1. Under a 5 Å amide H to amide H cut-off, with H placed in plane at 1.01 Å, what residues pair with Ser156 once short-range neighbours are removed?
2. Expected output is a single nm value to one decimal: the length gained when fully extending between Glu53 and Ala93, i.e. 0.36 nm times separation in residues minus the C-alpha distance. What is it?
3. Based on Cβ point charges of +1 for Lys and Arg and -1 for Asp and Glu, what charge dipole magnitude is obtained for the range 1-112 about its Cα centre, in debye rounded to the nearest 20?
4. In the range 51-75, which residues have a backbone nitrogen under 20 Å from the label point lying 7 Å from Glu30's Cα in the Cα-to-Cβ direction?
5. Measuring from centroid to centroid over Cα atoms, what is the spacing of the range 34-52 and the range 142-189 in Å?
6. Can you grab the distance from the C-alpha centre of the range 88-105 to the C-alpha centre of the range 108-136, Å, no decimals?
7. Per DSSP helix of 4 or more residues, -39500 (n - 2.57); summed, then divided by the residues of the chain. What does that give at 222 nm, rounded to the nearest 500?
8. Any idea how many Lys pairs in the range 96-189 come in under 16 angstrom at the alpha carbon, given 8 or more places apart or on separate chains?
Amino acid sequence: MESIFLKLSQYPTMETERLLLRPVTLDDAEAMFEYASDRENTRYTFPTNQSLEETQNNIAQFYLANPLGRWGIGLKSNGKFIGTIDLHKIDPALKKAAIGYIINKKYWNQGLTTEANRAVIELAFEKIGMNKLIALHDKNNPASGKVMEKSGMRFSHEEAYACIDQHEEGRIVTRVHYVLTKEDYFANK
């Protein structure tokens with residue numbers, strides 16, 4: 001039986017109506033730094049990058065070292081790299097994973113993140129054979145939850161005292177969890 005990772009290796013790229021999901025390379029560093037160095041853009045995701053070199057190191061560490069289930073989001077119209085979407089915390093025995101994403105704020109509110117998320121969800125259930133996907137967001141970032149809802153994911157629960165905010169000193173984060181099982185995915189197709 002093919003493993004989840006072997007199956008993922010067969011899908012280094014995916015296309016949607018407006019997007020090309022493809023491997024992230026060091027050539028994407030400047031475009032990634034554009035949003036990764038913007039505090040508003042990284043507010044609920046990861047520590048804001050302080051230099052292009054930090055972004056290059058992050059690309060090497062996260063995307064080049066472990067490329068399976070990780071895609072850069074590019075616009076088909078002009079090739080512009082605008083973000084990333086990942087399947088992470090992959091559990092091959094239970095066939096479950098988490099989805100995470102970030103997109104340059106210049107492209108917010110255009111449905112692009114939802115479009116990318118739907119493509120990854122479709123791949124996960126229809127080609128990879130996953131059983132369950134989860135996603136979570138900071139309660140103070142409801143826009144991310146809307147992406148999850150529009151992608152077919154369902155609210156699961158809130159996790160109070162989930163972690164310390166990396167950007168706002170002394171703030172404790174409540175995380176909101178969403179879930180989608182293969183049964184729900186196929187029932188709503």
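No value in this document is a laboratory result; all are computed from the given coordinates. Everything numeric in this text was worked out from a predicted model, so none of it was measured. Cβ atoms come from the backbone with ideal geometry, glycine included; neighbour counts cover every protein chain shown.
1. Under 5 Å from the amide H of Ser156 lie the amide H atoms of His177, Tyr178, Val179, each far enough along the sequence or on another chain.
2. 10.7 nm
3. On the way: 13 positive and 13 negative charges, 83 e Å.
Computed charge dipole of the range 1-112: roughly 400 debye.
4. Residues 51-60, 72-75 qualify, since their backbone N sits under 20 Å from the label point.
5. Cα centres, the range 34-52 to the range 142-189: 21 Å.
6. Computed from Cα coordinates, the inter-centre distance equals 9 Å.
7. Taken over the chain, the calculation gives -7000 deg cm²/dmol.
8. Going through the range 96-189 pair by pair, I get 9.
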